[in-house]
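> Sharing a structure with you now.
The numbers here are math on the coordinates, done by the rules we state, and not lab data. These numbers were taken from a predicted model, which means no experiment stands behind them. Cβ coordinates were reconstructed from backbone atoms using ideal geometry, including for glycine residues, and neighbour counts include every protein chain displayed.
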Amino acid sequence: MAIDESKLNAFMGKFVHDIGAVMHAATVVVGDQLGLYKALAKGAADVATLAKRTETDERYLLEWLSAQAASGYVTYDPATRHFALTEEQAFALAEEGSPAFVPGAFQIAVAQFKAIPKMASALRTGLGLGWHEHDPSLFHGTERFFRPGYAANLVSSWLPSLDGVEARLKTGAAVADVGCGHGASTIIMAQAYPRSNFTGFDYHAPSIAVARQQAARAGVSDRVRFEVASAKDFPGRDYALVTMFDCLHDMGDPLGASTHVRDVLATDGTWMIVEPFAGDRLEDNLNPVGRVFYAASTFICTPASRSQEVGACLGAQAGEARIRDVAQRGGFARFRRAAQTPFNLVYEARP
Ligand SMILES: C[S@@+](CC[C@H](N)C(=O)[O-])C[C@H]1O[C@@H](n2cnc3c(N)ncnc32)[C@H](O)[C@@H]1O
């Protein structure tokens, strides 16, 4: 076997990059948990000052800071021995509400690592692994990672991209947010459209309990309810809008969900489907964003679908053609891509 040394070296370079990122992930989770990035955002300082500011052990903190500097998550000035965050690093790592806030993504990665024994078994047996069977870091990480994208896009561009929906929400409409998880999207919509009423549904009872607390904290409990229900049998009728954020592909029976949405939607209503950005073919998705989604899909989305009845396993990179098919077979005559970001595709389906 002839090894091409330059190709091997290129692969080893990729490997060093990747293993560094993977091991760095654990330091991000700890730093986020202890508020280290938020403390750094208060201003540049040497390690002794930062140890006092963060109430951490100085020697350990130096190692943590060094790791952050080597990863480009913190800046280091050798002349003063001060560590700091640039404006951009602070925006992404220390500002919980910013549209670029990323620490939640690393919590999702923690859940993937914890699921290794279950997935090693599932890959052989073909059995499912339900959303509810994961470590809770998945539920909290998903909320914290997805909310910034919704806060940045949902009210400003995604809802206005749908035909007539924004106007109806402003005057007052009934909305079901299905597969709502911790209710980030439901609460953002309720804050923006106080005359409408919103019901978030999810089959995962612990997520619904958190969503209720979040709604109370956000002061929108008067117009938001959260109920445990599946996408195929959630109650209510004549909804003006049914939304599904990053969850249709997780369902075992997306066609059953589509048919039910068609049944409970008003004849002039809209089904808004937000899905991970993806092309229709595998080769379209062999890029950095597809890499993230395929990894998550292997451990989370595809086994979640397999764990439910039908087990359609659309996967997180389902792409527009498959989602269109689900909508059309459910009875939706009109379907179009209404908006997109580097991470999401937004579809509008209408009867
Ligand atoms: C990736 S999370 C997205 C949560 C939320 N929509 C968000 O964007 O933050 C997928 C959600 O779909 C829910 N889910 C999966 N299958 C479901 C089903 N058949 N019916 C209702 N909810 C479901 C899960 O419990 C989970 O909360």
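> Dipole of segment 219-351, Cα-centred, from +1 at each Lys and Arg C-beta and -1 at each Asp and Glu C-beta, to the nearest 20 debye?
180 debye
> Another question about this same structure. Counting Lys and Arg as +1 and Asp and Glu as -1, each charge on the Cβ, what is the dipole of segment 264-307 about the Cα centre in debye, to the nearest 20? Display every interim value, and only then the final one.
Numbers: 3 positive and 5 negative charges, 51 e Å.
It comes to approximately 240 debye.
> For Gln308, what residues show an amide H to amide H distance below 5 Å, using hydrogens built from the backbone and excluding near sequence neighbours?
Placed amide hydrogens put Gly252 under 5 Å from Gln308.
> Now, a different point. Taking neighbour counts of Cβ atoms within 10 Å as a proxy for exposure, in what order, fewest first, do Phe343, Phe226, Phe113 appear?
Details: Phe343 16, Phe226 26, Phe113 13.
Listing Phe343, Phe226, Phe113 from fewest to most nearby Cβ atoms yields Phe113, Phe343, Phe226.
> Determine the calculated [θ] at 222 nm for the chain from helices alone, applying -39500 (n - 2.57) to every DSSP H run no shorter than 4 residues and normalising by the residue count; nearest 500 deg cm²/dmol.
About -14500 deg cm²/dmol.
> List the aspartates and glutamates whose Cα sits under 20 Å from the Cα of Lys232, skipping any in the same chain fewer than 8 residues away.
Excluding near neighbours in sequence, the set is Asp177, Asp202, Asp246, Asp250, Asp253, Asp263, Glu275, Glu309, Asp325, Glu348.
> For Lys118, list the aspartates and glutamates whose Cα falls under 15 Å from its own Cα; do not include residues on the same chain fewer than 8 positions away.
Glu133, Asp135
> With no solvent and one equal point scatterer placed on each C-alpha of segment 234-299, evaluate the Debye formula and give log10 I(q)/I(0) for q = 0.15, 0.22, 0.27, 0.29 Å⁻¹, two decimals.
Scattering profile of segment 234-299, log10 relative to I(0): -0.59, -0.93, -1.17, -1.28.
> What does the extension gain come out to for Ile3 and Ile19, with contour length at 0.36 nm per residue minus their alpha carbon separation?
Values: separation 16, 0.36 × 16 = 5.76 nm, distance 2.25 nm.
Result for the pair: 3.5 nm of gain on full extension.
> Here's something else I'd like to know. What does the charge count near Ala94 come to, summing +1 for each Lys or Arg and -1 for each Asp or Glu among other residues with Cβ under 12 Å from its Cβ? Could you put the intermediate results ahead of the total?
Numbers: positive: Lys38, Lys42; negative: Asp32, Glu87, Glu88, Glu95, Glu96.
Net local charge, Ala94 excluded: -3.
> Restricting to Cα atoms and excluding each atom paired with itself, what does the Kirkwood estimate give for the chain in Å?
On the way: mean 1/r = 0.0459 Å⁻¹.
Kirkwood radius, the chain: 21.8 Å.
> Which one of Gly126, Ala278, Phe332 has its Cα pushed farthest toward the positive end of the charge dipole of the chain, where Lys and Arg give +1 and Asp and Glu give -1 at the Cβ?
Positive-most Cα among the choices belongs to Phe332.
> Counting pairs of alpha carbon atoms under 8 Å apart in space and at least six apart in sequence, what relative contact order in percent does segment 25-144 give?
Reported as a whole number, the value is 25 percent.
> Would you kindly work out the equivalent ellipsoid of segment 193-351 from its C-alpha gyration tensor and give its semi-axes, the square roots of five times the eigenvalues, largest first in whole Å? Intermediate results must be reported in sequence, preceding the final value.
Working: eigenvalues 128, 72, 49 Å².
Equivalent ellipsoid of segment 193-351: 25, 19, 16 Å, largest first.
> If the reach is capped at under 17 angstrom between alpha carbons, list the aspartates and glutamates near Lys14, excluding any in the same chain fewer than eight residues apart.
Straight-distance partners of Lys14: Asp4, Glu5.
> Identify, among Ile3, Ala44, Val16, the residue whose Cα sits farthest towards the positive end of the charge dipole of segment 1-78, taking +1 on the Cβ of Lys and Arg and -1 on the Cβ of Asp and Glu, with the dipole about the Cα centre.
Checking the options against the dipole of segment 1-78, the answer is Ala44.
> Based on the mean of other beta carbon atoms within 10 Å per residue, what is the order of 163-176, 52-65, most packed first?
Working: 163-176: 17.6, 52-65: 15.5.
Taking the mean over residues of other Cβ atoms within 10 Å, the ranking is 163-176, 52-65.
> Treating only the Cβ atoms of Lys and Arg (+1) and Asp and Glu (-1) as charged, compute the dipole magnitude of segment 109-153 about its Cα centre; round to the nearest 20 debye.
Values: 5 positive and 3 negative charges, 18 e Å.
Around 80 debye, computed over segment 109-153.
> With an 8 Å cut-off on Cα pairs and a minimum separation of 6 or more residues, tell me the relative contact order of the chain in percent. List each step's numbers first, then the result.
Numbers: 624 pairs, mean separation 44.2, N = 351.
Answer for the chain is 13 percent.
> With viscosity set to 1.306 mPa s and temperature to 10 °C, compute the Stokes-Einstein D of segment 1-160, Rh being the Kirkwood radius across alpha carbon pairs; µm²/s, no decimals.
On the way: Rh = 18.2 Å.
Calculated translational D: 87 µm²/s.
> Right, something else. Among Phe113, Ala321, Cys301, whose Cα sits farthest toward the positive end of the charge dipole of the chain (+1 at Cβ of Lys/Arg, -1 at Cβ of Asp/Glu, about the Cα centre)?
My answer, from the dipole projection, is Ala321.
> Within a 10 angstrom radius of the beta carbon, how do Met272, Met12 rank from fewest other beta carbons to most? Spell out each step's value before the answer.
Details: Met272 24, Met12 10.
If I rank by nearby Cβ atoms, fewest first, I get Met12, Met272.
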